[in-house]
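Report on the following structure.
None of the figures in this text is laboratory data; all of them are computed from the coordinates on show. Keep in mind it's a predicted model, so treat the numbers as computed, not measured. Positions of Cβ are backbone-derived with ideal geometry, glycine not excepted, and every protein chain shown enters the neighbour counts.
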Amino acid sequence: MSDPAPVTPSPTPTPLTAGAASDLELAAELLASARHVVVLTGAGVSKESGIPTFRGEGGLRATNGEPPMNGFQLFLEDSAGWWRQRLERRHTEQANPTSFARAVDEAQPNAAHHALAELERMDVVHHLITQNVDDLHRRAGQQEITEIHGNRHWLRCLDCGTRWPQREFPVDEAGELPPRCAQPGCDGVIKDDTVMFGEPIPTEALARCDAQTRRADCFLVVGTSAVVMPAAGFPLLAWQRGVPLVEVNPEPTPLTEYAEVSCRSAAGALLPELASALRSRLGASA
Ligand code: OAD
């Protein structure tokens, strides 16, 4: 995939307007009074780390068009060929300063990732479901994560589901392709952990998302256009049980009409303010 030049991270917070400040207070109140907050994040949370989103202005879809919806079927039909292309592409992607792969490889967690990790340490956030494959939540220190679309830096066995960081499972262009699982008794085909179009979400990840959705008594939805299922369905399933949704997104989404409050800000500006508001509240009530 290739894309336009990554956006430059902007660390300078913009002061909140009066309306935005009251939305922030309401969001803080909803989070503070919940006992099990689950977060859903999407590409918008990593935009300020220089990784382009998929949809909207400057998004990968606008630049590259829609990807084939049968990527997984194509992989299954010729997994050796897919691996050969992937290994060849590795060199050109690394040499291309505007490639998506390079943007992800060079990205650092931004203020939004750090604020979410802080909310977890404060015991305000209890689980985070991310559609992102960039590993930035983990690198910011988030512990309780489900990567529903996988992780770009990992590989996975299609048979037994074992995952390895890529650096621990070197794949040699001159070796057997597709690479095979290293678990005793398993000879399954290895693929990127990133979930392809047409590929089922790994069962374990889906089960965790379902369990967390059932437990949630507040859902914080950050930086997703909320159009890709099943991820976009989790907040709605919770909402149907009366669970309040808090949205952080500069643009409206299909979830907006269900949200108790929608904070119309960039995540990197809003979430540190939210963490600070919660710090004050929890400090005051301690
Ligand atoms: P999208 O690109 O569809 O949506 C990004 C969202 O982020 C939009 O709603 C933007 O308004 C919002 N946004 C932009 N800048 C932001 C900022 N600074 N702070 C907060 N929000 C901001 O990305 P996703 O919803 O994550 O799947 O897309 C879902 C899935 O579609 C992806 O995981 C990917 C794609 O197909 C797979 O690759 C399997």
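Can you figure out the FRET efficiency of VAL227 with ARG84, using R₀ = 30 Å and their beta-carbon distance, to the nearest 0.05?
0.35
In whole Hz, what ³J(HN,Hα) sequence does the range 201-214 give by Karplus (6.51, -1.76, 1.60; θ = phi - 60°), x for Gly and Pro?
5, x, 3, 5, 5, 5, 5, 5, 4, 4, 5, 5, 5, 5
With charges set only on the Cβ (+1 for Lys and Arg, -1 for Asp and Glu), what does the dipole of the range 73-190 come to about its Cα centre, in debye to the nearest 20? All intermediate terms of the calculation are to be shown ahead of the outcome.
On the way: 13 positive and 19 negative charges, 28 e Å.
For the range 73-190, the charge dipole is close to 140 debye.
Using a/c under 1.5 as the rounded threshold, could you call the range 15-96 rounded, prolate or oblate? The axes a ≥ b ≥ c are square roots of the C-alpha gyration tensor eigenvalues, and prolate needs a/b larger than b/c, oblate otherwise.
In terms of gyration-tensor shape, prolate.
Report the charge-dipole magnitude of the range 88-135 in Debye, nearest 20, computed about the Cα centre from +1 at each Lys and Arg Cβ and -1 at each Asp and Glu Cβ.
140 debye
Would you calculate a helix-derived [θ] at 222 nm for the chain, using -39,500 (n - 2.57) for each DSSP H run of n ≥ 4 and dividing by the full residue count, to the nearest 500?
Per the formula, -11500 deg cm²/dmol.
Using a 10 Å cut-off on Cβ atoms, rank the peptides 156-165, 61-70 from the highest mean neighbour count down.
Ranked from most to least packed, the peptides come out as 156-165, 61-70.
Can you tell me the dipole magnitude for the chain around its Cα centre, using point charges on the Cβ only (Lys, Arg +1; Asp, Glu -1), in Debye to the nearest 20?
On the way: 25 positive and 37 negative charges, 62 e Å.
Computed charge dipole of the chain: roughly 300 debye.
Determine ³J(HN,Hα), in whole Hz, for all residues of the range 125-141 in sequence, where each value follows from phi through the Karplus function 6.51 cos²θ - 1.76 cosθ + 1.60 and θ = phi - 60°; x replaces Gly and Pro.
Here the 3J(HN,Hα) series is 9, 10, 7, 10, 9, 10, 8, 7, 10, 8, 6, 6, 5, 5, 5, 7, x Hz.
Along the positive direction of the dipole of the range 73-193 (beta-carbon charges: Lys, Arg +1; Asp, Glu -1; about the Cα centre), which of ASN132, GLY188, THR146 reaches farthest?
Positive-end residue among those listed: ASN132.
Just want to confirm a number: the relative contact order over the chain, from Cα pairs under 8 angstrom separated by 6+ residues, in percent.
Working: 488 pairs, mean separation 72.7, N = 286.
Relative contact order, the chain: 25 percent.
Which percentage, to the nearest 5, of the DSSP beta bridges contained in the chain is antiparallel?
Expressed as a percentage, antiparallel bridges in the chain total about 30.
Starting from the 7 Å offset along Cα-to-Cβ, what nm value, one decimal, do you get for the label separation of LEU26 and ASP105?
For LEU26 paired with ASP105, the spin-label model returns 4.5 nm.
Find how much the distance from ALA211 to ARG264 grows on full extension, using 0.36 nm per residue of separation minus their present alpha carbon separation; answer in nm with one decimal.
16.2 nm
Among VAL39, PRO68, HIS91, whose Cα lies farthest out toward the positive end of the dipole of the range 35-96, if unit charges sit on the beta carbon of Lys, Arg (+1) and Asp, Glu (-1)?
VAL39
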